[in-house]
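The values are calculated or read from the model by the stated rules, or taken from the named source; none is laboratory data. Quick caveat: nothing in here was measured; it's all calculated off a predicted structure. Here the Cβ positions follow ideal geometry from the backbone for every residue, glycine too, while neighbour counts run over all protein chains shown. Accessible surface areas use protein heavy atoms only, side chains included; no ligands, DNA or RNA. Shrake-Rupley method; radii C 1.70, N 1.55, O 1.52, S 1.80 Å.
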Amino acid sequence: IIESLLFGLLPISFALFAGAIFMFWAEKRKKEWDIANPDKIPKSLQEINYRESLFVGFLQCFAMWPGTSRSMMTIVGGYLIGLKREQAAEFSFLLGVITLTAAAGYKTLTKWEVMFEKLELGSVFFGCLVAGMSAAASVYWLVGYLSKHGLELFVWYRIALSILILAIYFWP
């Protein structure tokens, strides 16, 4: 159902734009809350309860819609349950390890014959190693960036990309 309805330039452009608005709203809400509660100590990752984890996991499900970012939804979810920016990013990537490992495992089990036929095992392991190292570097950079600047750059990026996709779609 998702593939038949949401894989296309218009739905992806809409998801990018809607995600930008959602991020903008969450960032604004977070700044207002931080200003209104300067002495309030943010929640730590160890203080997240099951209900809050389920809420963030529910938001993560929206990432099945192409153009909606899994990390965006979980970082915003972290904001909404009271985490600091860097903790929300860390929680997002912890969830990503589980989610993406499960997805890769599923693909490996269901597409093993094709992978084994087309790729050498050494190449697969080397690709996994490089992907893991680049992911770690990306997480390190993103956590540092978010702690200082928030989501604003990503809001504008998503809006610009949405407009570009719409221009491509409607180009004669």
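Identification of helices (runs of 4 or more DSSP H) wholly contained in the stretch 39-123 with 1 or more residues that are of a type in the set (S, T, N, Q) and more than 26 Å from residue 140 (Cβ to Cβ) yields 85-118.
What's the number of the condition residue 79 fails, among (1) open to solvent by 30 Å² or more (accessible area, probe 1.4 Å); (2) at pLDDT 80 or above? Here residue 79 meets the rest and fails (1). Within the stretch 1-58, the set of residues being aromatic (Phe, Trp, Tyr) and without any contact (Cβ under 8 Å) to a residue 40 or more places away in the chain comprises 25, 33, 50, 55, 58. Restricting the stretch 44-65 to residues that are crowded, with 17+ Cβ neighbours inside 10 Å and more than 30 Å from residue 10 (Cα to Cα), the residue that is modelled with the highest pLDDT is 52. Any residue in the stretch 146-165 that is among the aromatic types (Phe, Trp, Tyr), over 27 Å from residue 24 (Cβ atoms) and modelled with pLDDT of 85 or more? No - not one qualifying residue is present in the stretch 146-165.
Residues that are closer than 30 Å to residue 84 by Cβ, in contact (Cβ under 8 Å) with a residue 40 or more places away in the chain and charged (D, E, K, R): does the stretch 144-167 have at least one? Yes, there is a match, as at least one residue in the stretch 144-167 is closer than 30 Å to residue 84 by Cβ, in contact (Cβ under 8 Å) with a residue 40 or more places away in the chain and charged (D, E, K, R).
Has the stretch 66-75 got any residue that is surrounded by 12 or more Cβ atoms within 10 Å (Cβ to Cβ), on the phi < 0 side of the Ramachandran plot, β-branched (Val, Ile, Thr) and touching a residue at least 60 places away in the same chain (Cβ under 8 Å)? There is at least one residue in the stretch 66-75 that is surrounded by 12 or more Cβ atoms within 10 Å (Cβ to Cβ), on the phi < 0 side of the Ramachandran plot, β-branched (Val, Ile, Thr) and touching a residue at least 60 places away in the same chain (Cβ under 8 Å).
For residue 8, only one of the following conditions fails: (1) of a type outside the set (Lys, Arg); (2) closer than 18 Å to residue 158 by Cα; (3) in contact with a Gly (Cβ under 9 Å, 6 or more places away or on another chain). What is its number? Residue 8 satisfies all of (1) of a type outside the set (Lys, Arg); (2) closer than 18 Å to residue 158 by Cα; (3) in contact with a Gly (Cβ under 9 Å, 6 or more places away or on another chain) except (3).
Before we move on, is residue 90 closer than 22 Å to residue 61 by Cα, in contact (Cβ under 8 Å) with a residue 24 or more places away in the chain and open to solvent by 60 Å² or more (accessible area, probe 1.4 Å)?
On the way: closer than 22 Å to residue 61 by Cα: yes; in contact (Cβ under 8 Å) with a residue 24 or more places away in the chain: yes; open to solvent by 60 Å² or more (accessible area, probe 1.4 Å): yes.
Yes: the conditions hold for residue 90.
When 123, 134 are screened for being exposed (fewer than 12 other Cβ atoms within 10 Å of the Cβ) and more than 23 Å from residue 67 (Cβ to Cβ), only 123 passes.
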